[in-house]
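Peer 1: Can you read through this structure? Questions will come right after.
Derivation of every value follows stated rules applied to the coordinates shown; laboratory data play no part. As the structure is a prediction and not an experimental result, all values here were calculated from the model. Note: ideal-geometry Cβ built from the backbone for every residue, glycine included; neighbour counts use all protein chains shown.
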Amino acid sequence: MPGSLAPHHLQQALELLLDNRDTPMAIIEIALACNLTRSHFSRAFKLSTGLSPLAWRLKARLEKAKKLLATSLSLTEVGLEAGFCDQSHFTKTFTRLAGMTPKAWRAEQVNGSSQSPY
């Protein structure tokens, strides 16, 4: 697609975002790694993925949190492991994006997986 990232730049950007999903990494750092300006990188990334780099990283954190909610980790530990600064930030963000609290999501997954349709 015209204006999108070259496949190798997209791969590099996604790897950097995933590798640094739990720590702050400025978008300019990723853009520079791809030899692009910040604005060009941001536009091209959104054309390539449908999301801004920050939204993509937030979605990746949410997906990691959902996987961790299937473990015995506490909600605080899940939030921290998924890259949120504290449980409040984790709960607010998770609720906004998933439509329910992490605790409710965990309970729904446990109850949903134990129910048989027969």
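Peer 1: Where does the chain land at 222 nm, in deg cm²/dmol rounded to the nearest 500, when only DSSP H runs of n ≥ 4 count, each adding -39500 (n - 2.57), divided by all residues?
Peer 2: -21000 deg cm²/dmol
Peer 1: Okay, next question. Rounded to the nearest 0.05, what FRET efficiency is calculated for E63 and N20 with R0 set to 22 Å and r the Cβ-Cβ distance?
Peer 2: Step by step, r from the Cβ atoms, then E = 0.90.
Peer 1: Give me Rg over Rh for the range 1-57, both radii from the alpha carbons and Rh done the Kirkwood way, two decimal places.
Peer 2: Radius of gyration relative to Kirkwood radius: 0.91.
Peer 1: What lysines does K46 reach when the alpha-carbon gap must be under 26 Å and sequence neighbours fewer than 8 apart in one chain are set aside?
Peer 2: K59, K64, K66, K67, K92
Peer 1: Also: Go ahead and run the numbers for FRET between M1 and A55, Cβ-Cβ distance against an R0 of 22 Å, rounding to 0.05.
Peer 2: It comes out at approximately 0.75.
Peer 1: Round to the nearest 0.05 the FRET efficiency obtained for S72 and T95 when R0 = 22 Å and r is the Cβ-Cβ distance.
Peer 2: Computed FRET efficiency for S72 and T95: 0.50.
Peer 1: Taking only the alpha carbons of the chain, what extent do you get along each of the three principal axes, in Å, biggest first?
Peer 2: Reported extents, whole Å, longest axis first: 51, 35, 20.
Peer 1: To the nearest 20 Debye, how big is the dipole of the range 57-114 about its Cα centre, given +1 on the beta carbon of each Lys and Arg and -1 on that of each Asp and Glu?
Peer 2: Its charge dipole is roughly 220 debye.
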